[in-house]
1. What lysines does LYS310 reach when the alpha-carbon gap must be under 28 Å and sequence neighbours fewer than 8 apart in one chain are set aside?
2. Full-extension gain between LEU345 and PHE199, please, as 0.36 nm times their residue separation minus the C-alpha to C-alpha distance.
3. Helix 185-214: angle to the longest alpha-carbon principal axis of the chain, degrees 0 to 90, nearest 10?
4. Would you mind getting me the FRET efficiency between ALA229 and SER130? Use the beta-carbon distance for r and R0 = 25 Å, nearest 0.05.
5. Any idea how far apart THR214 and ALA88 come out in nm if each label point goes 7 Å out from Cα toward Cβ?
6. Give the cross-link partners of LYS49 among the aspartates and glutamates, using a straight C-alpha distance below 15 Å as the criterion and excluding same-chain residues fewer than 8 apart.
7. What number, in percent, do you get for the relative contact order of the chain if the mean sequence gap of Cα pairs under 8 Å and at least 6 apart is divided by its residue count?
8. With every protein chain present, what is the per residue accessible area of segment 39-128 (1.4 Å probe, Å²)?
Amino acid sequence: MSRESETALHPDGRTDAATGPDAATAEDARTRVTIVVALGANLVIALAKALGGLFAGSPALLSEAAHSVADSLNELFLLASLKRSTRAADARHPFGYGKERYFWSLLAAVGIFVMGGCFSFFQGIEAMRSDSSETHTGYLVGLAVLAVALIAEGSSLVRALLQVRGQARAAGRSMRGAIRAGDDPALRTVLAEDSTACFGVLVAMAGMGLHMITGKVAYEAWASLVIGALLVFVAYQLAKESRGQLIGEAADPALRQAIQEFLDEQPEVDTVTGLLSMRMGTQSTLVAARIDLVGGLDSEEVEDVLVRVKADLTKQWPIADQIFLDVTDASAKDRAQARRDRQLLDETVAAESDRNAAGGGGGAQDSG
């Protein structure tokens, strides 16, 4: 897809070609396909792992089956989040339902922790207590199931990575920067699940192989414990991200800097004494600014200025769809604090830019 035809959101909130809602619809459609691919793969893999684990008596394989079941349920949560988060604002939720996506992503993290991590620990501890063994054929069946699972999980991971790469290229970020930004919690969760699943399958294969060679079930037990620890860690990271977004995170520093510069450039604005923001969803951001206007403006002129500034802000940054401007008289203390806040923001954006450059930024170049 060419740069001209791609609708993408930059770190500073601008869109390439189309409006914000069009960008959101297109990106959600791609995310939905990615989730459906992951769901189909996990359902098939969960059944194969469960049957293979029961046949081979493999705790590591059963742990992987629990992991795939948890992932399948999580994908259903994520599909629900895509639908529910796009509902229009109403009297009860005047800022819309964008944060639904963060809530369902939090439930997905809980599912990974309970159904994946805890069950894996249980399987590993049970295996430590036993001295079970299986026939050579049983081990081969288990390894074959894991090999198929690795191919399926790998295919789903590739799909998620391709979508992230497209977002990174369009936004001028590196792959690492796009993953770290995690603008879409649904895509971030799928990417984390698929990456963990691929690594978990390799660990399970190693544990089962060593069990087959040595006859010691401890290797599979430790494989289950490693898988459980990995799932708990991933669940914690995903839950921490969702928690921060549910509580209320500020907009991307580049977006805040761009809006700050825009307000500073307005001839009627003397000083921006405060700029607050909060992400209300993947395509919605609340912006509240305290501004001191130049002297000599009457009430009608002030009203016209505020209406124009809000309209121009929304036109340039469609993601900033909730804008509140508070006209205030700036004291010397206010002006000093505003200068400190601006310096800190500029330093934050510069540091982020350096990290993107170090991680191989410049992804905004055309791919043809």
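The values are calculated or read from the model by the stated rules, or taken from the named source; none is laboratory data. Computed from a prediction, not measured in an experiment: that's the story for all the values here. We place every Cβ from the backbone using ideal geometry, glycine too, and count neighbours over all the protein chains shown. In case anyone asks, the SASA skips ligands and DNA or RNA and just uses the protein heavy atoms, side chains included. Shrake-Rupley method; radii C 1.70, N 1.55, O 1.52, S 1.80 Å.
1. Candidates past the 8-residue exclusion: LYS99, LYS333.
2. 48.8 nm
3. Its long axis makes an angle of about 20 degrees.
4. The computed FRET efficiency comes out at 0.75.
5. 6.4
6. GLU64, ASP71, GLU153, GLU220
7. In percent, rounded to a whole number, it is 23.
8. Value for segment 39-128: 43 Å² per residue.
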